[in-house]
Amino acid sequence: MKQPYAWLLCATALGAQAQTAPLLLPLLPMEKHGAHIPAVKSPHGSTKGTSYYTESFETGIDGWTVQNPVGDVPWAWTNTGPGPTASTYPVPPLSTNTGGWMMVDDDFLGTNGVNSETSLISPVIDLSAAPPNLQLEFDQYFQEFQLDHCFVGVSTDGGVTWTETEVNEGVGRDGRPNPELMSVNISDLVSPDPSTVQLRFRYAATWDYGWEIDNVMIKDLPNNDAALLNPRSTLFDFTNTGSDAQPYTIYPQAHLVPMDMNLQIRNNGFATQHNVVATVDVTGPGGDNFSDASSAVDLAPSAVNDVFFSTFTPNGSLGDYNVSFHVTQDENDAVPANNEGSGSFSVSSGTYALDHGSVDQFQRQAPVDLAEAFEVGNKFQMQADDQVIAVQVAIHNATPAGGLIYGAVYTPSTDALIHPTLEGDFTPEHVIDASELNAIGGSTFITMYFTNPVDVLQGNTYQVMAGSFEGGDSVRFATSGLVPAQIALIHYPNLSASFEFTFNKSPMVRAVMASGSIGIFEPDGTLSSVSASPNPFNSSCDLRFELAKSADVRVELHDAIGREVLNEQLGELGAGPRTYHINGDKLGDGLYLYSLIINGSRTSGKLTRKAN
């Protein structure tokens, strides 16, 4: 190790105790200008029903007015998008199919820590000839940093009083589709006097990103629309349960748990929906299938029903499990697109993961801590006594080659003033090679083996981290997808205060468990099988594997302290069975870890050499 952690000499030893009371960590500060991939554009939502008011902001503000009671960031018309900004990832232009739109560009015009409030108010709209069941639709792009709120309001008394509905709660800094079609039921809001309706879009924030809207429309609210919301495969709730039931993307066989799938159904229609039923179906490898349905209920307009399905426990077959949710009712649903949801997870022999396997962003230190050593990773709850034999991590290609990284396992602290407790030792440091860096969409992992595997206990939660002793913004750890709050962590081991935070991106940091015969799950199915025999071996060992399709193959062998003792590029091999011969004559007795690198993805296992 280049630099021992001074705090380890005086840290209170917590041992391998379970986290009895969840410690809520603060959100990583000043993450606003970190790596960010703008939301993927989705097609403009197709209109349904008769329109009674339309505003496309084609050439200007068109009779709408702006009120700006707090700060100096107003709603403004634009047909080009935000202006020059110091932000690395500014508010993107709204991707609608019209010439102009309205936007609050808080990122460009706002000031760090300064409050803003601005309202965009329509002219008076006469809806006296419209039916009573009405909805407001509009295109938007919204991206949340920390303290922003978006409200849609209606007034029928000349703006003296407003009734508001908050939208965009919990969107997060990664934003939503651009554009996103929004819908708000305004039937009750316009009923006091449909002839004098005004709309208001109110933005209240503290130097966040911004809000953009276009194609405002008032039209018929469908009579029948039962919408499926928040489909989930677990009942994870950190505040109430700690790390229990985290939504892992890959489960090791030894750590499978019963899964309590759940969702919500909301009646978005104007009429009561009768005999509303939600179903879930799971299809897994080896015929491991599961189906369940909720009891039928009648849902009044705007009512929400929570649905909890019977418990499903995977049988442990290796591979992908696909989850499908569906909702039906007696009525003919006017918006069938929101009646379905889906998800997936995988079972591996020995890999624990929360990421989605493909790089889309990165995580580094907060700007005020760029000089600090730091670690990022995830919490994992163990369902069996086991050992962590390695930490697997993906590195973003914004990282310079030659940097040093390591892996570590900690027991979380229950005291915000005490660092987590290191379990065992760090892995030997790994020098990052240029070939190991990932562009967006990449899936190359580095596996760092512990000299001595780290013991972990059933029922306990551990932080599995990848870190760098080097400050100066030198290493950017790749992330993939999002996780609920309190799972993903950043830790500054050399700080005495404000040393641990949570964030919502999912670090591509995985735990490799000794209980698995193969260390790294191969998600694309290129590697059909792998085995090593004899094992233990004396003078030689054959590494046998089968490729489902042609692939680039490299073989590596590391000793028990992580030193590379073999590295051979086999080149492009065709589909079919293959054998690689390992000569053990120059190898000492002990544990070795072999790795097959297939198209950049690593699959690993253990070998033991015994001379006699």
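The values are calculated or read from the model by the stated rules, or taken from the named source; none is laboratory data. Remember, predicted model here, so these are calculated numbers, not experimental data. With ideal geometry, Cβ positions are generated from the backbone for all residues, glycine too; neighbour counts draw on all protein chains shown. Protein only, heavy atoms only, side chains kept; ligands, DNA and RNA dropped before computing areas. Shrake-Rupley method; radii C 1.70, N 1.55, O 1.52, S 1.80 Å.
Key figures for this structure:
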| item | result |
| --- | --- |
| Of the criteria (1) open to solvent by 10 Å² or more (accessible area, probe 1.4 Å); (2) in contact (Cβ under 8 Å) with a residue 24 or more places away in the chain; (3) of a type in the set (Val, Ile, Thr), which one Val190 fails | (1) |
| Residue that is farthest from Gly341 (Cα to Cα), among those in segment 219-256 that are under 17 Å from the mean Cα position of the chain (by Cα) and of a type in the set (Gly, Ala, Ser) | Ser243 |
| Pair list, Cβ < 8 Å and 6+ apart or interchain, from segment 547-574 residues that are under 22 Å from Phe450 (Cα atoms) and among the polar types (S, T, N, Q) to residues that are modelled with pLDDT of 85 or more and surrounded by 14 or more Cβ atoms within 10 Å (Cβ to Cβ) | Asn567/Arg554; Asn567/Val555; Asn567/Glu556; Asn567/Leu557 |
| Selected residue (criterion: modelled with the lowest pLDDT) from residues of segment 36-63 that are touching a strand residue (DSSP E or B) at 6+ places or on another chain (Cβ under 6 Å) and hydrophobic (A, V, I, L, M, F, W, C) | Ile37 |
| Residue ranges of strands (runs of 3 or more DSSP E) in segment 273-323 with at least 1 members among the β-branched types (Val, Ile, Thr) | 273-283, 297-299, 304-308 |
| Exclusive hit being in contact with a Phe, Trp or Tyr (Cβ under 6 Å, 6 or more places away or on another chain), outside any loop (DSSP other than H, G, I, E, B) and not basic (Lys, Arg), set Glu164, Glu117 | Glu164 |
| Test: residue in segment 127-146 that is within 30 Å of Asp360 (Cβ to Cβ), in contact (Cβ under 8 Å) with a residue 12 or more places away in the chain, within 31 Å of the chain's Cα centre (by Cα) and surrounded by fewer than 19 Cβ atoms within 10 Å (Cβ to Cβ) | yes |
| Considering residues of segment 124-154 that are aliphatic (A, V, I, L, M) and assigned to a loop (DSSP other than H, G, I, E, B) only, the residue modelled with the lowest pLDDT | Leu147 |
| Residue within segment 357-372 that is polar (S, T, N, Q), more than 13 Å from the chain's Cα centre (by Cα) and part of a strand (DSSP E or B) present | no |
| Search result, residues across segment 353-397 that are of a type in the set (Val, Ile, Thr) and either modelled with pLDDT of 95 or more or buried (at least 22 other Cβ atoms within 10 Å of the Cβ) (or both) | Val359, Val376, Val388, Ile389, Val391, Val393, Ile395 |
| Among the candidates Val388, Val359, residue that is of a type in the set (Val, Ile, Thr) and in contact with an Asp or Glu (Cβ under 9 Å, 6 or more places away or on another chain) | Val388 |
| Residue that is farthest from Asp106 (Cα to Cα), among those in segment 147-184 that are of a type in the set (A, V, I, L, M) and open to solvent by 20 Å² or more (accessible area, probe 1.4 Å) | Val160 |
| Filter result for Gly459 (assigned to a loop (DSSP other than H, G, I, E, B), of a type outside the set (S, T, N, Q) and at pLDDT below 90) | no |
| Hits in segment 232-277 (condition: without any contact (Cβ under 8 Å) to a residue 60 or more places away in the chain, out of contact with any Asp or Glu (no Cβ under 9 Å at 6 or more places or on another chain) and open to solvent by less than 10 Å² (accessible area, probe 1.4 Å)) | Met259 |
| Close pairs (7 angstrom Cβ cut-off, 6 or more residues apart or separate chains): among the charged types (D, E, K, R) in segment 436-456, open to solvent by less than 20 Å² (accessible area, probe 1.4 Å) anywhere | Glu436/Ile395; Glu436/Ile446 |
